[in-house]
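Below is one structure, written out as structure tokens; the observations come after it.
Any read-out appearing in this document is the output of simple, stated calculations on the displayed coordinates, not a laboratory observation. As the structure is a computational prediction, the values presented were derived from the model and not from experiment. Positions of Cβ are generated from backbone atoms using ideal geometry, with glycine treated the same way; all protein chains shown enter the neighbour counts.
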Amino acid sequence: SQKIEQNSEALNIQEGKTATLTCNYTNYSPAYLQWYRQDPGRGPVFLLLIRENEKEKRKERLKVTFDTTLKQSLFHITASQPADSATYLCALAIRGTDKLIFGTGTRLQVFP
Amino acid sequence: EAGVVQSPRYKIIEKKQPVAFWCNPISGHNTLYWYLQNLGQGPELLIRYENEEAVDDSQLPKDRFSAERLKGVDSTLKIQPAELGDSAVYLCASSLDIDSRGAEQFFGPGTRLTVL
């Protein structure tokens, strides 16, 4: 079966540390992958996009890697802050379909 | 610039009743999406519009769900009759142009539906 998996357990880290979130997929041929942030009671907000032929993307304190051999994307937040606390969703676009499939999300909690 | 607008924000109905959700996308965005999000899950696509044409409605339960985007701008999603299992958050999103591969999607705040 086709799946996009994110760690369902919350990730708790201390302020200033680097948070690393994982997104694994099976049996998809990806065109690109996006990461979104979702706060309680609000819709997801786009953060970053990485294409299948790209290994790494950076934006300020955010970094995304994409390994199509391992079928995995890693999302890093460096120098994390309590304001980074939210649920982070990965979304995979299937090549040739324009369809975005979302993972279940991982809740990040950054403690002062 | 105004974001994606959805109404109502919350809706409580009894089962077997009809319900409708409204969405106004960001001005100029040709592509509009309706998603369903259950608690602790990611959004699941129900239907995607390119202008007024529904180009992907494969996940829309057509026996009870319907949607329209008559003038290619705002859209309405309807459920009739609602069932207990329809309780969820219904999200609307829009993007500038699906052909610019990887266009980010802009989401509204969602409508939280509770079916009693």
Packing-based ranking, highest mean first, of A:92-101, B:87-96, A:14-23 given that Cβ atoms within 10 Å are counted: B:87-96, A:92-101, A:14-23
Dipole of chain B, positive end: most advanced residue of B:Cys23, B:Val89, B:Ile13 [Cβ charges, Cα centre]: B:Ile13
Neighbouring partner chain Cβ atoms per residue of A:93-103, average, 10 Å criterion: 4
Where Rh is the Kirkwood radius over Cα pairs, Rg/Rh for the range B:1-50: 1.00
Cubic angstrom per residue, convex hull over Cα atoms of chain B: 99
Point-charge dipole on Cβ atoms (K/R +1, D/E -1) for the range A:37-88, about Cα centre, debye to 20: 80
Rg to Rh quotient for chain A, alpha carbon positions, Kirkwood Rh: 0.96
Normalised alpha carbon radius of gyration of the range B:45-112 [divisor 2.2 N^0.38 Å]: 1.16
Neighbour net charge for A:Val110 - beta-carbon separation under 14 angstrom, K R +1, D E -1: +1
Sorted by Cβ density within 10 Å, fewest first, the residues A:Glu5, B:Glu83: B:Glu83, A:Glu5
Simple Cβ-charge dipole of chain B, Lys/Arg +1 and Asp/Glu -1, about Cα centre, in debye nearest 20: 520
Whole-Å semi-axes of the protein assembly as shown's equivalent ellipsoid (Cα gyration tensor): 30, 20, 16
Positive dipole terminus of chain A, leading residue within A:Thr18, A:Gly43, A:Thr69 (C-beta point charges): A:Thr69
Rg/Rh for the range A:15-64, where both radii come from Cα atoms and Rh is the Kirkwood radius: 0.99
Tail beyond 19 Å, pair distance distribution of the range A:53-112 (Cα, percent): 40
About the Cα centre, charge dipole magnitude for the protein assembly as shown (Lys/Arg +1, Asp/Glu -1 at Cβ), debye: 400
